[in-house]
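Peer 1: This structure is in C-alpha cells; I'll ask about it shortly.
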Amino acid sequence: MRQFRPTRTTVLLGLALAGATGVSQAAADFSLRFQDEDAPKLTAMVVDRDITSGVTLTTVGLDRPMLCANLTATAQGTRLATVLPGFTPSNGDFKFGQLDTTVASRPPLSLSGVKGWRYTSVGLDLEPFTDTLACYVLSADGVRKQSAHLFDDTFASEATGPNASLVTRVVALPDGESNYKYFIDVNIPAEFAGRNYVVTDGFDSSVFSSDLSQYCAPTSPSATVCSGLTITQNNVNFRGTVPAEGVTKRFIVIRPLKSGVFSLPANPDAMLTTAALFIAPSASGPEDRDLSDNVSVGRALLSDLDPVITAPSIPNMAEGTGATGLSFVLTDDTSENGLPPLSATVSVNFNGNVVQTNATCLVGTPQGGEVTRRNCTFDIPVFDQHFATDAVAGTYAPNVSASVTIVATDGRNQTSTRVVPFHVVGSENDPPTFSLSKALEDPSASNGNLPTLRCEVQPSGVRNQTPQCQGLIEGFVLDRKPGPTYAYDELKTQGTFFAGVDTNNKLQCSGSSPSIFSFSGANSPKFVYNGDRVDLSYSLTGATGYSDCWVVVGDNNYPAGHSYTQSQIQFRILVAPPPAP
C-alpha cells in the first residue's frame, strides 16, 4: 500500500455545498475528490482573503479525519496542524502534531481535515507546493483506514518489500500521583536509507494538559525513562533522515491530566493518543509494504500487544548440511500469572518442502517495557545431502528460497509470525540424473546383466512386430536433469547435453559381428528429437546378435570453481534366436 501523496496539480473546481459528499469539479480534465470506503463529507469551509496579494486561503473541514505530515526537511512554516474534534467519548479536540508555542495554551487551529489549500484566480493549489505531503484517512476510532488513493491513483497493495512500523505501548495510567505514560516504538528498515521520515503524535485535549505534556529525544528501544535525555515540552513532531542501518528508536511520552480532570474516561477503548509514521516517497526506492501498522493509538488501559520475535541470525550453510543452536528471543507485555506461558513453534521451508523442528525456550530476565522474556534455540535439520539454494553464495537460484518461520503465542493466545530467510550454498557439482524407457527389460544373466531392448525372431525367421524389433522407442531418455531432485542450485541454473554422440546424434555402440544393424551397421542407434521427447531409432538386419550402447549425459553452465560431471547408462539391443522347440 502507498501513502496519499497530493501533487502540485492545479485544477479548476467548484466546491460542493457543506454536507455534500466529496468535492465536485467544474472542469472535466481532472477528478479531485476524497475517496474512501465511506466518502468524507465537506462539513465546513473557512475563507480568508489577503487583500494585498489577492490570494485566498481556504480551509476545508471533513467529517472523516485525516492525519498529514510535510516530509520536506525544511522549516516548520509549511507544516499542517490538524486536530480531530469529537472523536472520543469525552468529545474533546484531538490535537495532533507540533503545538503552536507562540500561544500560552499552545493549541493548533481547530481543523478537522487538511489545512492550507490556496484558492487563486486560476484554480486550487495544494500547499505546501511539494509532492511530499502525506496523509492518512482515519476511521471513526482514529486508526488508519484501508483507503483509496487521495488525489492520485488507487491504493495498491505491495505484496513484497520492506515494512516500516510504529507501535504505541501504554505502560502507566494516572493514579493521582503518576501520569499517563506511553512508548512510541519506531522501526524503519535499512531499505529506506536516505529518505526523510516524520514521527508525530497527538492527544485528547479534554483529558490531557496542553501545556505540560513532554517527550524525550528518541532513544534505544529498551529504554524506559528519560534520564539523561533531552526533554521537549510539546507533542512529538520529529523529522529525520533514515540512516544506512535503518531506524529502531523509542519515544517516551508523558502526559499529565489537565486541570480539573482526575481520571481517564470510563470506556477502556477510548482513544486518548494517536501516533503516525510517514516516510517520504521515492521514484526509484521501495514503497512501504504495509501501511496498516503506521498509525497506532493509546487507549485508557495498559497495552496488551502481540508478542515480539527478535529474529535469529542464520549464517550461510554448505550443501547438504544443517545448523544447530540457532537462537531468537520472545518478549511480551502480557503477564503469565494464571495463563499459559509464552511459547513458539518453528518450521523450516526447504523451497516448498516444510519440516517442523523443535524450539527450546527458557525463561529470561525482562528488559525495559517487557513483562515476559524467553530465550529460545532451535536447529535446522539436514533435509537432503544434495539440497542447496545458491549457486553463488548469498544469491538464490531463480525461483528458489529457504526460510524459517517462527510463530509466537502468548498467554492470551495472541500470535506473531516472523519469517527469516537463509541460504544453503552449493559446494559441489553433482552429476546429471536421467532414466531410460520401460521398454528395456531388467538386467539378468541372459542379457549380459544390462537393461535390454529384446527382439525375438520367430521360427519362421520373421521378427516380432514390437517397437524393439521395429527400431523406434518413443521417449527413450526420461527425466533428464542437471542434478539430483533437491539440488535446486543446479536444477535452476545449469543445463544438460548428450555427450558421446556424433554429429548425427548416433550413440557409441559395439557388439557381435556381423552387425545386427542394416547397411553394414550404418543404421545404428541414434537420438531423434520430437519436441521435448527424445526417441531412439535404429534398423535391424534380422540377423541374431547384440550391440551394447552408451547414453552419456553431461552438464553445463556450472559455477566457477566447480568441475564438469557426467552420468552414463549402458544398455543392450539383443536380437534373440527362436526359442528351442
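The values are calculated or read from the model by the stated rules, or taken from the named source; none is laboratory data. Quick caveat, the model's predicted, so the values are computed rather than measured. Glycine also receives a Cβ, built like all others from the backbone with ideal geometry; neighbour counts cover every protein chain displayed. Protein only, heavy atoms only, side chains kept; ligands, DNA and RNA dropped before computing areas. Shrake-Rupley method; radii C 1.70, N 1.55, O 1.52, S 1.80 Å.
Peer 1: Restricting attention to the stretch 367-383, report how many residues are open to solvent by 40 Å² or more (accessible area, probe 1.4 Å) and within 15 Å of Phe350 (Cα to Cα). Outline the logic, then answer.
Peer 2: Our first condition is that a residue be open to solvent by 40 Å² or more (accessible area, probe 1.4 Å); within the stretch 367-383, this holds for 367, 370-371, 375, 377, 379, 381-383.
Then drop every residue that is not within 15 Å of Phe350 (Cα to Cα), which leaves 379, 381-383.
Number of matching residues: 4.
Peer 1: Something else now. Determine, yes or no, whether Gly483 is of a type outside the set (Lys, Arg), part of a strand (DSSP E or B) and closer than 14 Å to Pro431 by Cβ. Reasoning before the result, please.
Peer 2: Details: of a type outside the set (Lys, Arg): yes; part of a strand (DSSP E or B): no; closer than 14 Å to Pro431 by Cβ: yes.
Against the criterion (of a type outside the set (Lys, Arg), part of a strand (DSSP E or B) and closer than 14 Å to Pro431 by Cβ), Gly483 does not qualify.
Peer 1: Being loosely packed, with under 15 Cβ neighbours inside 10 Å and of a type in the set (Val, Ile, Thr) is the requirement here; does Thr452 meet it? Before you say what the answer is, go through the steps one by one.
Peer 2: On the way: loosely packed, with under 15 Cβ neighbours inside 10 Å: no; of a type in the set (Val, Ile, Thr): yes.
For Thr452, the condition - loosely packed, with under 15 Cβ neighbours inside 10 Å and of a type in the set (Val, Ile, Thr) - is not met.
Peer 1: Here is a list of conditions, (1) over 29 Å from Gly426 (Cβ atoms); (2) modelled with pLDDT of 95 or more; (3) surrounded by 19 or more Cβ atoms within 10 Å (Cβ to Cβ), and Asn505 meets all of them except one; can you say which number that is?
Peer 2: (3)
Peer 1: Taking the conditions exactly as written (open to solvent by less than 40 Å² (accessible area, probe 1.4 Å) and either out of contact with any helix residue (DSSP H, G or I) (no Cβ under 9 Å at 6 or more places or on another chain) or modelled with pLDDT under 95 (or both)), does Thr360 satisfy them or not?
Peer 2: Numbers: open to solvent by less than 40 Å² (accessible area, probe 1.4 Å): no; either out of contact with any helix residue (DSSP H, G or I) (no Cβ under 9 Å at 6 or more places or on another chain) or modelled with pLDDT under 95 (or both): yes.
Here the answer is no, as Thr360 does not meet what is asked.
Peer 1: Now a separate question. Within the stretch 467-483, is there a residue that is open to solvent by less than 70 Å² (accessible area, probe 1.4 Å), touching a residue at least 40 places away in the same chain (Cβ under 8 Å), in contact with an Asp or Glu (Cβ under 7 Å, 6 or more places away or on another chain) and of a type in the set (Phe, Trp, Tyr)?
Peer 2: Within the stretch 467-483 (the criterion being open to solvent by less than 70 Å² (accessible area, probe 1.4 Å), touching a residue at least 40 places away in the same chain (Cβ under 8 Å), in contact with an Asp or Glu (Cβ under 7 Å, 6 or more places away or on another chain) and of a type in the set (Phe, Trp, Tyr)), the answer is yes, since at least one residue qualifies.
Peer 1: Which residue is nearest to Asn237 (Cα to Cα), if the candidates are limited to the stretch 267-279 and must be touching a residue at least 40 places away in the same chain (Cβ under 8 Å) and surrounded by fewer than 23 Cβ atoms within 10 Å (Cβ to Cβ)?
Peer 2: Here is the first cut: in the stretch 267-279, the residues touching a residue at least 40 places away in the same chain (Cβ under 8 Å) are 267, 269-279.
So of that shortlist, the ones also surrounded by fewer than 23 Cβ atoms within 10 Å (Cβ to Cβ) come out as 267, 269-270.
Values: Asn267: 28, Asp269: 25, Ala270: 23 Å.
By that ranking, first place goes to Ala270.
Peer 1: Moving to a separate point now. Hey, could you check the stretch 484-509 for residues that are without any contact (Cβ under 8 Å) to a residue 60 or more places away in the chain and touching a Leu at 6+ places or on another chain (Cβ under 9 Å) and say which is farthest from Pro525 (Cα to Cα)?
Peer 2: Looking at residues that are without any contact (Cβ under 8 Å) to a residue 60 or more places away in the chain and touching a Leu at 6+ places or on another chain (Cβ under 9 Å), I get Phe498.
Peer 1: So, in the stretch 326-342, of the ones that are β-branched (Val, Ile, Thr) and under 22 Å from Val419 (Cα atoms), which residue ends up modelled with the lowest pLDDT?
Peer 2: Initial filter on the stretch 326-342 (β-branched (Val, Ile, Thr)): 329, 331, 334.
Subset that is under 22 Å from Val419 (Cα atoms): 329, 331.
Values: Val329: 94, Thr331: 91.
Ranking the candidates gives Thr331 first.
Peer 1: Of the residues in the stretch 385-434, how many are charged (D, E, K, R), under 29 Å from Phe497 (Cβ atoms) and open to solvent by less than 60 Å² (accessible area, probe 1.4 Å)?
Peer 2: Step one: filter the stretch 385-434 for residues charged (D, E, K, R), giving 390, 410, 412, 418, 428, 430.
Keeping just the survivors that are under 29 Å from Phe497 (Cβ atoms) gives 390, 428, 430.
With the extra rule that they be open to solvent by less than 60 Å² (accessible area, probe 1.4 Å), the set shrinks to 390, 430.
Residues that pass the stated criteria total 2.
Peer 1: For the stretch 525-533, check the following and say yes or no: at least one residue is in a loop (DSSP other than H, G, I, E, B), more than 39 Å from the chain's Cα centre (by Cα) and modelled with pLDDT of 95 or more. Please lay out each step first, then the result.
Peer 2: Here is the first cut: in the stretch 525-533, the ones in a loop (DSSP other than H, G, I, E, B) are 525, 531-532.
Next cut, more than 39 Å from the chain's Cα centre (by Cα) only: 525.
After this cut, where a residue has to be modelled with pLDDT of 95 or more as well, the list is 525.
Yes, the stretch 525-533 contains a residue that is in a loop (DSSP other than H, G, I, E, B), more than 39 Å from the chain's Cα centre (by Cα) and modelled with pLDDT of 95 or more.
Peer 1: Being of a type in the set (Gly, Ala, Ser), crowded, with 16+ Cβ neighbours inside 10 Å and within 37 Å of the chain's Cα centre (by Cα) is true for just one of Ala223, Ala217. Which residue is that?
Peer 2: Working: Ala217 fails: crowded, with 16+ Cβ neighbours inside 10 Å.
Just a single option satisfies the conditions, and that option is Ala223.
Peer 1: Give me the pairs, please: first residue somewhere in the stretch 326-343 and closer than 16 Å to Ile406 by Cα, second residue anywhere and of a type in the set (Ser, Thr, Tyr) and open to solvent by less than 70 Å² (accessible area, probe 1.4 Å), beta-carbon distance under 6 Å, and either six or more positions apart or on two chains.
Peer 2: These pairs meet every condition: Ser327/Thr377; Asp332/Thr372; Leu342/Thr372; Ser343/Thr409.
Peer 1: Which pairs have Cβ atoms under 6 Å, sit 6 or more apart or on different chains, and link a residue in the stretch 369-382 that is among the basic types (Lys, Arg) to one that is open to solvent by 20 Å² or more (accessible area, probe 1.4 Å)?
Peer 2: Every condition considered, the pairs that remain are Arg373/Pro366; Arg374/Cys361.
Peer 1: Has the stretch 540-549 got any residue that is within 17 Å of Phe476 (Cβ to Cβ), surrounded by fewer than 18 Cβ atoms within 10 Å (Cβ to Cβ) and in contact (Cβ under 8 Å) with a residue 24 or more places away in the chain? Even if it seems obvious, please write down each step before you answer.
Peer 2: Step one: list which residues in the stretch 540-549 are within 17 Å of Phe476 (Cβ to Cβ), which gives 540, 547-549.
Next, only the ones that are surrounded by fewer than 18 Cβ atoms within 10 Å (Cβ to Cβ) stay: 548.
Among the residues that remain, those that are also in contact (Cβ under 8 Å) with a residue 24 or more places away in the chain are: 548.
Yes; the residues of the stretch 540-549 include at least one that is within 17 Å of Phe476 (Cβ to Cβ), surrounded by fewer than 18 Cβ atoms within 10 Å (Cβ to Cβ) and in contact (Cβ under 8 Å) with a residue 24 or more places away in the chain.
Peer 1: What's the number of the condition Ser178 fails, among (1) touching a residue at least 60 places away in the same chain (Cβ under 8 Å); (2) open to solvent by 20 Å² or more (accessible area, probe 1.4 Å); (3) among the small types (Gly, Ala, Ser)?
Peer 2: (1)
Peer 1: Looking only at the stretch 301-317, decide whether some residue is farther than 30 Å from Ile380 by Cβ, assigned to a strand (DSSP E or B) and open to solvent by less than 60 Å² (accessible area, probe 1.4 Å). Quick ask: steps written out before the conclusion?
Peer 2: Looking only at the stretch 301-317, we keep the residues that are farther than 30 Å from Ile380 by Cβ, and these are 301-304.
When the remaining residues are screened for being assigned to a strand (DSSP E or B), the result is none.
The answer is no; no qualifying residue exists.
Peer 1: Residues to consider are Ser209, Ser220; find the one that is closer than 18 Å to Leu264 by Cα and among the hydroxyl-bearing types (Ser, Thr, Tyr).
Peer 2: Selected residue: Ser209, the only one of Ser209, Ser220 that is closer than 18 Å to Leu264 by Cα and among the hydroxyl-bearing types (Ser, Thr, Tyr).
Peer 1: So which strands (runs of 3 or more DSSP E) stay within the stretch 342-453 end to end and still have 1 or more residues that are over 24 Å from the mean Cα position of the chain (by Cα), among the β-branched types (Val, Ile, Thr) and under 30 Å from Asp332 (Cα atoms)?
Peer 2: Fully inside the stretch 342-453 and qualifying: 359-363, 372-380.
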